[in-house]
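Working notes, beginning with the structure itself.
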Ligand SMILES: [Fe+2]
Ligand SMILES: [Fe+2]
């Protein structure tokens, strides 16, 4: 049995230091600010807004999409060097690629916080939070909406390299938008710390890798 490594803050300390009121648009910013993550609070607000709009446009549930946007990055309260230890202590299944690049674990850690701190039980929302960085095979429209909202909500004054093509592709469909970003990741794969297997599976399923 592997030893449970110490990690900070613990789920228990987060739970005892925070009381969710039941409104994510208030609870998430309060939680993030309380944990010194002001910037993430602004980012989550942008993703929630973008996700709501994309869901309306592409026939997903706007309120579920908004919830996914609020929650997707709440685990940013664990710095990169704490993510592996936190995931191990919380019993999260860790893939070899995630062990190598623990940053990616934040999508799975956010699912735990969504459930345990914010009391979210909607499996569709938790699914979208849990694949917002990598996407996955068999993704729902809601998964895709939150994935794309995160890529559109960019907190810099200039466009990200994928933005013009992504916006143009979304004029066609949500899937076409996903393909643009997946293709971008695939083309960058040698420069990435790891190429996540869920992304590879999504790429194959959507015809980005043949
Ligand atoms: Fe993220
Ligand atoms: Fe994000």
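Nothing in this text is a laboratory measurement; each read-out follows from the coordinates by a stated rule. For clarity, every value in this text was computed on a predicted model and none was experimentally measured. All Cβ positions, even for glycine, are placed from backbone atoms using ideal geometry, and neighbour counts span all protein chains on display.
Annotations
- Degrees separating the helix 106-116 axis from the principal Cα axis of the chain, which is the longest one: 50 degrees
- Using R0 = 25 Å, the C-beta based FRET efficiency linking residue 93 and residue 204 works out to 0.75.
- Label sites at residue 194 and residue 172, each approximated as a point 7 angstrom past Cα along Cα to Cβ, lie 3.1 nm apart.
- Distance from the stretch 82-157 to the stretch 10-39 (C-alpha centre basis), Å: 17 Å
- Here the spin labels are modelled as points 7 Å beyond Cα on the Cα-Cβ line, and at residue 12 and residue 137 they lie 4.0 nm apart.
- When the chain is reduced to its Cα atoms, the Kirkwood hydrodynamic radius in Å: 17.4 Å
- Rounded to the nearest 10 degrees, the angle from helix 80-89 to the longest Cα principal axis of the chain is 70 degrees.
- Per residue, the chain reaches -17500 deg cm²/dmol at 222 nm when only DSSP H runs of four or more residues are counted, each adding -39500 (n - 2.57).
- Taking label positions 7 Å along the Cα-Cβ direction at both residue 25 and residue 122, the computed distance is 1.4 nm, reported to one decimal.
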